[in-house]
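Student: Provided herewith is a single structure, encoded as C-alpha cells, for subsequent inquiry.
The values are calculated or read from the model by the stated rules, or taken from the named source; none is laboratory data. Bear in mind that the values here come from a model prediction, so they are computed numbers and not experimental data. Cβ placement follows ideal geometry from the backbone for every residue including glycine, while neighbour counts extend to all protein chains displayed.
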Amino acid sequence: MRSKQILFSVLVLFAAVAAQAARVDTIMVKSPSMKKEVQVVYVLPDKALGKKAEACPTVYLLHGYGGNARTWVGLKPELTQIADEKGIIFVCPDGKNSWYWDSPKNPAYRYETFVASELVKYTDDHYATIPAKKARAITGLSMGGHGALWLAIRHNDTFGAAGSTSGGVDIRPFPKNWEMNLQLGEYEADKALWNQHTVITQIDKIKEGDLALIIDCGEQDFFLNVNKALHESLLEKNISHDFITRPGSHNGKYWSNSIDYQILFFDKFFKR
C-alpha cells in the first residue's frame with residue numbers, strides 16, 4: 001500500500017511540473033515588407049499561457065552569422081526554465097546572414113523592418129505581452145549583438161533595453177568577412193555607406209535615459225577592441241551602460257554564460 005501511495009505522489013508531482021512548464025513554439029511569421037514567411041521560435045512561460053494568461057515582458061534574442069531561429073534554444077536549453085522563473089517571453093527570429101539591416105543593395109533583405117516593426121506587432125497581437133517599451137528588450141550574439149544595438153538605438157521608441165554579447169559593433173575593420181558585402185556592397189567602393197550601417201556611428205541617435213544598455217565581450221574575442229571603442233564612445237557622450245569583459249572567446253561556452261547576466265539585467269529593468 002505504501003509503495004502505491006509513493007507512486008501516486010510522484011505522478012502527481014510530475015503532473016504538476018508538466019502543467020507549469022514553459023512552451024516552445026516554432027512558427028512562421030509573415031513579413032509584408034519581404035513578401036515571405038520567417039521562422040520564429042517563441043519560449044513562452046507558463047504564466048503567459050492558457051485562459052488566465054498574464055501579460056509578460058519580452059526579450060528578443062538574435063542569433064549570429066550562420067545561425068538561425070533555433071540557435072538560442074540550442075545554445076541555452078535552460079531558456080524554458082528561465083522563462084518560467086522570471087515570467088519572460090523569449091522571441092528568437094531567423095535573421096539569415098542579414099546583419100539585421102534593411103539592405104540598401106538587396107530589397108529581399110529587410111530584417112530591420114521585420115524585427116523592429118512586423119515581428120513586434122505580431123508578437124504583441126498573438127501572445128500575452130506587455131506592449132510597451134518598458135517591457136521590451138533585445139540582445140544577441142556576434143552579428144546578433146550588432147543587430148540588437150542597431151535596432152534598439154534606431155527604434156528606441158520600441159525597445160526600452162538592449163544588449164550585445166561579443167557583438168560586431170563596428171563592422172568597418174572586417175570588410176571581407178561574414179557576407180556583409182552582399183548587403184552593403186564592397187567597402188572600398190562606398191565607405192560612406194558602411195559608415196552609416198555600423199552601430200558605433202549610431203549612438204548620436206540616443207541620449208541618456210533612452211535605453212538601458214548592457215554590453216559584454218570576452219577578453220580573447222576578436223571583437224574586443226571594437227567593443228572597448230563603443231564603451232569609450234558611450235562614456236564620452238555620458239550615456240549610462242553596463243560594460244563587462246571577462247575571460248572567454250567567441251564561442252558558445254562564453255555566450256551560454258554571458259546571457260545569464262544579460263537576462264538578469266533585463267529582469268531588473270522590467271521590475272523598475
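Student: Taking the stretch 242-272 as the region of interest, how many residues are free of Cβ contacts under 8 Å to residues at least 40 places away in the same chain, among the hydrophobic types (A, V, I, L, M, F, W, C) and out of contact with any helix residue (DSSP H, G or I) (no Cβ under 8 Å at 6 or more places or on another chain)?
Tutor: Number of matching residues: 1.
Student: Is there a residue in the stretch 119-129 that is closer than 27 Å to His250 by Cα, of a type outside the set (Val, Ile, Thr) and over 12 Å from the mean Cα position of the chain (by Cα)?
Tutor: no
Student: Quick one: Trp178 ticks every box in (1) at pLDDT below 95; (2) in a helix (DSSP H, G or I); (3) not charged (D, E, K, R) bar one, so which box is it?
Tutor: Against the list (1) at pLDDT below 95; (2) in a helix (DSSP H, G or I); (3) not charged (D, E, K, R), Trp178 comes up short only on (2).
Student: Here is a check on your reading of the model: is Ser249 within 23 Å of Val73 (Cβ to Cβ), among the polar types (S, T, N, Q) and touching a Lys or Arg at 6+ places or on another chain (Cβ under 7 Å)?
Tutor: no
Student: Is it true that some residue in the stretch 30-37 is more than 23 Å from Gln196 (Cβ to Cβ), surrounded by fewer than 23 Cβ atoms within 10 Å (Cβ to Cβ), out of contact with any strand residue (DSSP E or B) (no Cβ under 8 Å at 6 or more places or on another chain) and not charged (D, E, K, R)?
Tutor: Looking through the stretch 30-37, at least one residue is more than 23 Å from Gln196 (Cβ to Cβ), surrounded by fewer than 23 Cβ atoms within 10 Å (Cβ to Cβ), out of contact with any strand residue (DSSP E or B) (no Cβ under 8 Å at 6 or more places or on another chain) and not charged (D, E, K, R).
Student: I'm trying to understand the selection: among the residues of the stretch 85-122, which are in contact with a Lys or Arg (Cβ under 9 Å, 6 or more places away or on another chain) and not hydrophobic (A, V, I, L, M, F, W, C)?
Tutor: Gly87, Asp94, Ser98, Asp102, Ser103, Tyr109, Tyr111, Glu112, Glu118, Tyr122, listed by residue number.
Student: Also: Here is a list of conditions, (1) among the aliphatic types (A, V, I, L, M); (2) closer than 27 Å to Pro104 by Cα; (3) touching an Asp or Glu at 6+ places or on another chain (Cβ under 8 Å), and Ile171 meets all of them except one; can you say which number that is?
Tutor: So the condition that Ile171 fails would be (3).
Student: Which ones in the stretch 189-199 are within 19 Å of Ser166 (Cα to Cα) and more than 18 Å from the chain's Cα centre (by Cα)?
Tutor: Answer for the stretch 189-199, where residues must be within 19 Å of Ser166 (Cα to Cα) and more than 18 Å from the chain's Cα centre (by Cα): just His197.
Student: Now a separate question. When the residues of the stretch 143-195 are narrowed to those that are among the aromatic types (Phe, Trp, Tyr) and buried (at least 20 other Cβ atoms within 10 Å of the Cβ), which ends up nearest to Leu224 (Cα to Cα)?
Tutor: Ranking the qualifying residues of the stretch 143-195, first place goes to Trp150.
Student: Additional query: Which of the residues that make up the stretch 64-85 are crowded, with 18+ Cβ neighbours inside 10 Å and closer than 20 Å to Ala135 by Cα?
Tutor: Within the stretch 64-85, Leu79, Thr80, Ile82, Ala83, Asp84 meet the criteria.
Here's the yes/no breakdown for (1) part of a helix (DSSP H, G or I); (2) surrounded by 15 or more Cβ atoms within 10 Å (Cβ to Cβ):
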| position | (1), (2) |
| --- | --- |
| Gly209 | no, no |
| Gln220 | no, no |
| Ser233 | yes, yes |
| Gly248 | no, yes |
| Trp255 | yes, yes |
| Ser258 | yes, yes |
| Asp267 | yes, yes |
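Student: Out of all the residues in the stretch 151-173, is one or more of a type in the set (S, T, N, Q), assigned to a helix (DSSP H, G or I) and over 29 Å from Gly252 (Cβ atoms)?
Tutor: No; the residues of the stretch 151-173 include none that is of a type in the set (S, T, N, Q), assigned to a helix (DSSP H, G or I) and over 29 Å from Gly252 (Cβ atoms).
Student: Separate question: Identify, please: which residue in the stretch 128-142 is part of a strand (DSSP E or B) and either of a type in the set (A, V, I, L, M) or without any contact (Cβ under 8 Å) to a residue 60 or more places away in the chain (or both) and is, among those, surrounded by the most Cβ atoms within 10 Å (Cβ to Cβ)?
Tutor: Once the filter is applied, the top-ranked residue is Leu141.
Student: Take Ile203 and decide whether it is within 27 Å of Asp260 (Cβ to Cβ), over 18 Å from the mean Cα position of the chain (by Cα) and surrounded by 15 or more Cβ atoms within 10 Å (Cβ to Cβ).
Tutor: yes
Student: Could you look through the stretch 181-207, keep only residues that are among the charged types (D, E, K, R) and in a helix (DSSP H, G or I), and pick out the one that is farthest from Leu62 (Cα to Cα)?
Tutor: Glu188
Student: Looking at the stretch 143-175, which of the residues that are free of Cβ contacts under 8 Å to residues at least 60 places away in the same chain and among the β-branched types (Val, Ile, Thr) is nearest to Gly67 (Cα to Cα)?
Tutor: Step by step, filter the stretch 143-175, then rank; the result is Ile153.
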